[in-house]
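To keep things clear, I will list the structure first and then write my remarks on it.
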Amino acid sequence: MSDVNDCSTVDQLGVRLLRVRGEVDLSWSQKLRKAVLEALATGRHVAIDLSQVSYIDSSGIAALVEGFQNSRGKSQRFSLVAVSKPVHAVLELARLDRVFPIFATLEDAVK
Amino acid sequence: MSAAAALIPVRTGLARIGPEEVGILADFSQAFAASLDVGETLRKAVVQIADHMNAEAAAVFLTDPQAGDIVCRACAGPVDVVGLRVQAGRGIVGRTIAENRVQMVRDTRNDPDYLGDQRGFQSRSILCAPLDTADGAIGALQVLNKRDGALFDTHDANVLRLLAVPTALALNNARLMRELVEQNRIKREFQLARQMQKTLLPARRHNFPITALNLPAREISGDFFDFFDLPDGRIAFCIGDVAGKGMDAALLMVRASSCLRWVGKDGTAPGEWLSKVNRELASTVTRGMFVCAVAGYYDPHTSMIELANAGFPPLLLRRGDQTMRELRADGPPLGILGDFGYSSESMALAGGCLYAFSDGVTDVRGADRKPIGMEGVRQLIDRVSGLSPRARVRAMVGTLRKMSLADDTTLMLIADDGAASRYLGGLAGSSDPENLRLVRRKVSEVVKQLGFNDEQRQRIVLAIDEAVANVIRHAYQGCYDGRVELSVWLDHDAVRFELRDYAQPVDPAKIKPRDLSECRPGGLGINLIDSVMDRWVFQRPEDGTGNLLTMIKRLP
């Protein structure tokens with residue numbers, strides 16, 4: 001997995017897809033938070049692809065939680081897709097694995 | 001002669017001083033006594049002197065010891081000669097000061113010392129009295145040309161001598177005051193230099209194998225020590241003593257210590273390390289100055305020490321079996337022979353402790369007034385050996401202070417006999433989130449050897465990352481220049497992480513996990529730490545500054 005921390009937004013299958021890569025920690029989780037909130041400003045269904053994330057800490061999880069909360073009550077959808085093992089472990093640890101809608105692929109998320 | 005007159009020794013000349021002179025003398029003394037600005041009072045005084053003495057001009061000259069001449073400080077008359085300089089010993093003024101006696105020149109044309117007209121003023125006759133102090137004459141008071149064309153007489157000479165007394169007194173006081181101000185300024189400069197020097201010494205690290213202390217004999221020190229982590233887990237250290245105790249030694253200390261740190265950062269073998277610094281210092285340092293130093297590395301994993309010694313006093317290695325070994329210097333001090341090649345020496349610390357100390361320690365005088373020497377230091381080490389390394393340093397310094405410390409004193413301990421726990425590694429750096437990646441690498445690497453599986457390891461890494469992130473966000477409130485120290489210890493059945501910061505103390509009661517059933521973005525970190533670690537304690541460190549978070553995870 002690449003060492004470069006990055007997130008980019010594409011539209012795919014009618015979903016605003018935010019692809020995140022690298023290690024999400026306090027040094028750039030604010031950037032992820034902004035990207036999530038920006039995607040939510042225009043997209044009806046926002047999905048976060050976490051397959052290329054090798055590490056996430058609570059500040060990164062907080063950005064995802066904030067996105068999820070913003071989507072609710074606005075008839076928007078917010079999904080996590082292709083969650084990598086390290087990210088899943090942290091979600092489990094924080095007992096958030098059953099809070100977020102989590103899908104194996106983007107296709108599953110739009111079904 | 002009346003009885004009263006017999007009691008007061010009156011010089012014959014002064015006997016004719018009348019009430020008028022007593023009046024001006026009183027005015028004069030009072031003006032100087034009340035004056036905050038001697039220069040201003042002096043300028044008014046010379047005008048009064050000229051008037052009173054019925055002279056065309058008057059001037060006050062003061063010696064300038066630094067320039068080696070005499071300079072006019074105040075004058076009255078048709079020509080301004082303030083700032084005029086006369087070589088010491090020359091002219092009528094120079095003669096007055098050199099002989100410390102009143103000079104009366106009735107006709108300048110007949111006086112071989114007369115230097116000629118100054119700035120267009122023709123001096124026909126001159127009367128000049130020294131400004132006498134306990135340190136000798138500091139200047140002279142001069143009047144030139146009587147206004148009515150008459151000549152100065154003995155009476156004038158006596159009056160001028162009389163007026164010179166309060167003038168000398170006031171000028172001398174002002175001079176002493178200036179010197180006092182200057183001394184205070186220098187003292188302040190030295191204090192600043194000391195503070196500056198202190199910042200060059202590494203901060204004390206909690207639960208770290210190296211403990212060191214520097215006690216300067218004066219404000220500033222010629223001794224130094226340093227230690228820092230290398231990326232490969234070894235700890236680089238150096239300790240040194242610059243010849244001399246003054247500002248020159250202090251400045252060379254700054255140069256030598258930064259040079260040592262610069263070269264040591266690369267992990268260069270100690271012999272080569274000192275050789276490089278020696279070449280640099282020998283090519284630039286003033287002749288006659290040199291630096292005694294030890295430089296080396298300690299590997300906490302293997303407890304091996306590798307070091308080189310350039311003219312520094314012998315080190316003492318106290319092994320686990322309580323035997324003591326003396327390690328002598330293998331080369332001359334740095335800065336003398338530029339092409340000398342120093343060699344490295346290796347030894348196992350294995351449950352022992354290495355003591356390095358500047359000659360201020362061996363030179364301390366005991367009850368018999370003789371330096372305690374190596375033997376005295378050995379006895380001192382034996383006496384304190386049961387204590388923790390920090391307590392050992394405190395006890396040694398306490399003992400040394402009771403004797404007479406004359407020189408800068410520096411002490412460094414590298415201890416592998418501190419406690420039952422073993423130091424596994426650590427990291428110290430600034431509270432910059434960019435450093436979190438390094439923290440994770442370090443923790444992952446240290447934990448790897450302890451038998452945790454990948455998942456457990458990742459969780460431990462997460463917990464430590466969260467703890468450091470909390471320090472950055474909450475203790476330092478997002479300031480990136482705070483100091484954060486992490487040390488990892490192996491106790492007999494657990495790994496212990498100690499995270500230290502130097503921020504404002506945080507209330508331990510506020511550090512608690514939140515209820516996970518409510519879904520909100522913040523405050524997750526402590527929950528993660530709490531679920532990963534077996535035990536954690538948040539407390540104030542024993543030295544009272546900052547915060548200390550101890551996290552314990554049982555071995556698998």
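The values are calculated or read from the model by the stated rules, or taken from the named source; none is laboratory data. All values derive from a computational prediction rather than experimental measurement. In this analysis, Cβ positions are derived from the backbone assuming ideal geometry, glycine residues included, and neighbour counts consider all displayed protein chains.
Scanning the stretch B:231-254 finds one or more residues that are acidic (Asp, Glu) and either outside the structural domain of B:Phe340 (by TED's automatic domain parsing) or under 19 Å from the mean Cα position of the chain (by Cα) (or both). Mind checking whether some residue in the stretch B:450-465 is modelled with pLDDT under 90 and among the aromatic types (Phe, Trp, Tyr)? The answer is yes, given that some residue of the stretch B:450-465 is modelled with pLDDT under 90 and among the aromatic types (Phe, Trp, Tyr). All of B:Ala137, B:Ala98 fail the test of being part of a helix (DSSP H, G or I) and over 26 Å from B:Gly23 (Cβ atoms), apart from B:Ala98. Of the residues screened, A:Arg72 is not one that is at the interface with chain B (Cβ under 7 Å from one of its Cβ atoms) and surrounded by fewer than 17 Cβ atoms within 10 Å (Cβ to Cβ). Taking A:Ala109 as the residue in question, decide whether it is in contact with a helix residue (DSSP H, G or I) (Cβ under 9 Å, 6 or more places away or on another chain), more than 12 Å from chain B (Cβ to nearest Cβ), touching a residue at least 40 places away in the same chain (Cβ under 8 Å) and more than 24 Å from B:Leu462 (Cβ to Cβ). Here the answer is no, as A:Ala109 does not meet what is asked.
Taking the stretch A:36-67 as the range and being within 14 Å of another protein chain (Cβ to nearest Cβ), farther than 11 Å from A:Val24 by Cβ and either buried (at least 23 other Cβ atoms within 10 Å of the Cβ) or β-branched (Val, Ile, Thr) (or both) as the test, the residues that pass are A:Val36, A:Val65, A:Gly67.
Taking residues in the stretch B:60-71 that are more than 7 Å from B:Gly139 (Cβ to Cβ), and partners anywhere that are among the basic types (Lys, Arg) and part of a strand (DSSP E or B), the pairs with Cβ atoms closer than 6 Å and at least 6 places apart or on different chains are B:Asp69/B:Arg85; B:Val71/B:Arg85. The residues in the stretch B:476-514 that are in contact with a Gly (Cβ under 7 Å, 6 or more places away or on another chain), of a type in the set (D, E, K, R) and part of a loop (DSSP other than H, G, I, E, B) can be counted, and the count is 1. Is it true that some residue in the stretch B:410-433 is touching a residue at least 12 places away in the same chain (Cβ under 8 Å) and more than 30 Å from B:Val495 (Cβ to Cβ)? Checked the stretch B:410-433: at least one residue is touching a residue at least 12 places away in the same chain (Cβ under 8 Å) and more than 30 Å from B:Val495 (Cβ to Cβ).
Mind listing whichever residues of the stretch B:297-327 are exposed (fewer than 14 other Cβ atoms within 10 Å of the Cβ) and out of contact with any strand residue (DSSP E or B) (no Cβ under 7 Å at 6 or more places or on another chain)? If the condition is that a residue be exposed (fewer than 14 other Cβ atoms within 10 Å of the Cβ) and out of contact with any strand residue (DSSP E or B) (no Cβ under 7 Å at 6 or more places or on another chain), then B:Thr302, B:Gly320, B:Asp321, B:Gln322, B:Thr323 are the ones that fit. Where helices (runs of 4 or more DSSP H) sit wholly within the stretch B:349-461, those with at least 1 residues that are farther than 24 Å from B:Tyr297 by Cα and away from chain A (no Cβ under 14 Å) occupy B:359-362, B:373-384, B:389-402.
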